[in-house]
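Here the structure is laid out as C-alpha cells; the discussion comes afterwards.
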Amino acid sequence: MTTVITTAREFRAAIRQAVSDTAEQSPLVSLVPTMGALHSGHGALLEAARTSGDILAASVFVNPLQFNDPKDYRHYPRQLEADLEILAQHGVDLVFSPPLEQMYPDYPEGPLVRVTTGELGRRWEGRSRPGHFDGVATVVTKLFTIIAPPAPARFEAWFGAKDAEQVAVIRRMVADLHLPVGIRTVPTVRDGNGLALSSRNQRLNAADYDAALHLSRVLFTLAARTEKREPLDVPGLRDELHRAEGLELDYLVVVDPLSLQELVPVEGALGADEVLGTSSSAASSHKSHGMMAAVRGDAPAALALIAAQVGPVRLIDNMELRPPA
Ligand code: PAF
C-alpha cells in the first residue's frame, strides 16, 4: 500500500524505517520528484525507478519558487487524488506530498537561503524564466536532504530527459555540492504524433495541439540531418517556425548537453570534435573543465533545444543529436 506523508520529519523517518525493514544489505532508495498531474512520461520514470531500486519514493509538490509567472503557478494542474492512484499502480512505497507551509514556512518572504545555479541557470529556459532553475535547484536540494538515506543505503533520483536543461542543472548541482545521490534519466515519452508528453498539454485546444506538433517535427528533422551528415540549417528551421501559425518561438538552438553553451555545427559534420562554441572560449572551456569531464558520462555530442509559447502554455522539447559512428 502507498503511504502518503505530508511532513519532512515523517518522510525522513519513513525512509529510514523502509531501509531498516528491507532484507537488502545496501538497499537502493529511488526518488521520482514530480509536481503532480502525472502522465505516461511520469509512468516511464516510475517504472524505471521501480525496476532498478528497492524502495520507491515519489514526491508531489507544485513548487512556487520555480514559476516566474504567478498565473502559470495558479493554473498549473493539481489532481492529487488521481496522482495517488497512478503512484499506487506503479508500486510506489512512499509518497511525499507536503503543503506549501511545510516546504516554505515563511513563503513568500522565505526561504532566505536558496541554491543558485549561476550562468548555467541563466541560459535558454533560464533566460526566459528568470529564477526558474534556482527554484528547481532549491526544492530538489531540499528533497534530497530530507530523504538522504543513511549508509549503506544508496540513493538515486530520476528525471525525464524531456527537461534536458533541468537535468544539466541538477547534474551540475550534485557535482558542485557533493550531494550523495545518483541522477538517472528516462527518454522523453511522445504521443503517436511525436508531441512530448507534458502536464501542460492538458491546456492545449485542437488548434494549439496542431501548432505544438511543429516543435517535435523540427527536432526530428535535425536528428535526421545529423544522422545523414547534412547541414543542420538551424536558422532556416527557425524561419519556418516564425512563419508557422499558432506558436511563438522562443529559441531553437544546438547546445553542448552539459554546459548548455550554443554550438555552431560545421556544415555536414556534427560531432564532438566538429562543433565550435559561439564564443571563442566556449569550446576550449568545456573541453578543459575538469568538472564537465566528471559529469559528462556518455552525454551525446549535442542537444537540440526548443521552446515556444503555444496557446496558453509554454512548451519545451529537445533531442539528442548523435552523428553516425
Ligand atoms: O520536473 C519537475 O516536475 C520539477 O521541476 C521538479 C523536478 C519536480 C522540481 O519541482
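Any read-out appearing in this document is the output of simple, stated calculations on the displayed coordinates, not a laboratory observation. Not measured: the values here are computed from a predicted model. Neighbour counts run over all protein chains shown; Cβ positions are idealised from the backbone, glycine included.
A viscosity of 0.890 mPa s and a temperature of 25 °C, combined with the Kirkwood radius over C-alpha pairs in the Stokes-Einstein formula, give the chain a diffusion coefficient of 118 µm²/s. Could you list which residues have their amide H under 5 Å from that of THR185, counting only those 5 or more apart in sequence or on another chain, with H placed in the peptide plane? Amide H neighbours of THR185, under 5 Å, 5+ apart: PHE159. Once you order the gyration tensor axes a ≥ b ≥ c over the Cα atoms, which shape class does the range 109-203 get: rounded for a/c under 1.5, otherwise prolate or oblate by comparing a/b with b/c? Judged from the Cα gyration tensor, the range 109-203 comes out oblate (a/c at least 1.5, b/c at or above a/b).
Let me have the 222 nm mean residue ellipticity of the chain computed from DSSP H runs of 4+ only, each contributing -39500 (n - 2.57), with the sum over all residues rounded to the nearest 500.
Working: 12 runs with 128 residues, N = 325.
Helices in the chain give a 222 nm mean residue ellipticity of -12000 deg cm²/dmol.
Ordered by the count of other Cβ atoms within 10 Å of each Cβ, fewest first, VAL113, VAL169 give VAL113, VAL169.
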